[in-house]
Amino acid sequence: MKCVSSVAYSVVINGHRGDKFVPTRGLRQGDPLSPFLFLICGEGLSSLLRLAMKRDCHKGIRVNRYGPQVSHLLFADDCILFGEAMRRVANIIKDILCEFKVCSGQCVNFDKSTVFFSKNTLEEDKRQAVNVLGVRRTSEPE
């Protein structure tokens, strides 16, 4: 935060430097520091999810019986979370996302978020997970 909150700018107009000013809106697209902060924040979310798995609060998926558990995938500014379709797990994921928001200032756009369930998931479990997370349900992952 020191790198973000301690910056000051001045603009050169016709060869004369103007007064310094401090931005009030934080980093913007194109700022050279943006990609690094984004990676640091992504690592923070990854750490929260790994910690939940370590505490046996959250399980990911396995590609095969002996493979490692995968709880999430990050790509650019998208995140795919994997977990059991249970109210308890949905609450844990919601808590992790809230903690991530408090720590990073980044928040999930739940209006753009969707949840996809395997065909073996009970209808009641689907309904509860959707209600807890506050997201739309889809039958085809995008």
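Could you sort 83-90, 100-107, 41-48 so that the peptide with the highest average Cβ count within 10 Å comes first and the rest follow in order?
Most protected by this proxy first, the peptides run 83-90, 41-48, 100-107.
I'm spelling it out carefully: the read-out is Rg/Rh (Cα atoms, Kirkwood Rh), the candidates are [x] 0.93; [y] 1.12; [z] 1.38, and one was derived from this structure. Which label?
Answer label, from the structure shown: [y].
Just to be sure I understand the model, the point goes 7 Å from the Cα along the line to the Cβ. What's the resulting LYS20 to SER118 distance in nm?
For the pair LYS20/SER118, the computed spacing is 5.8 nm.
Using a cut-off of under 12 Å, list every residue of the stretch 44-87 whose amide N is near the label point 7 Å from the Cα of ASP125 along the Cα-to-beta-carbon line.
83-87
Name the residues whose placed amide hydrogens come within less than 5 Å of the amide hydrogen of VAL115, ignoring near sequence neighbours (fewer than 5 apart) on the same chain.
Those qualifying (amide H under 5 Å, at least 5 residues apart or on another chain) are ARG136, ARG137, THR138.
Taking the mean number of other Cβ atoms within 10 Å as a proxy for protection, how do you rank 109-120, 11-22 from highest to lowest?
109-120, 11-22
So, in nm, how far is label ARG65 from label VAL102 when the simple model puts each one 7 Å beyond its Cα toward the Cβ?
If labels sit at ARG65 and VAL102, their model points lie 4.2 nm apart.
Under the 0.36 nm per residue contour assumption, what length would be gained going from the current alpha-carbon distance of ARG87 and LEU51 to full extension?
Difference between extended and current length: 11.0 nm.
Taking only DSSP H segments of four or more residues, each worth -39500 (n - 2.57), what value at 222 nm results for the chain once the sum is divided by all its residues, to the nearest 500 deg cm²/dmol?
Result for the chain: -12000 deg cm²/dmol, rounded to the nearest 500.
Any read-out appearing in this document is the output of simple, stated calculations on the displayed coordinates, not a laboratory observation. As the structure is a prediction and not an experimental result, all values here were calculated from the model. Methodologically, a virtual Cβ is constructed for each residue, glycine included, from the backbone with ideal geometry; neighbour enumeration extends over all protein chains shown.
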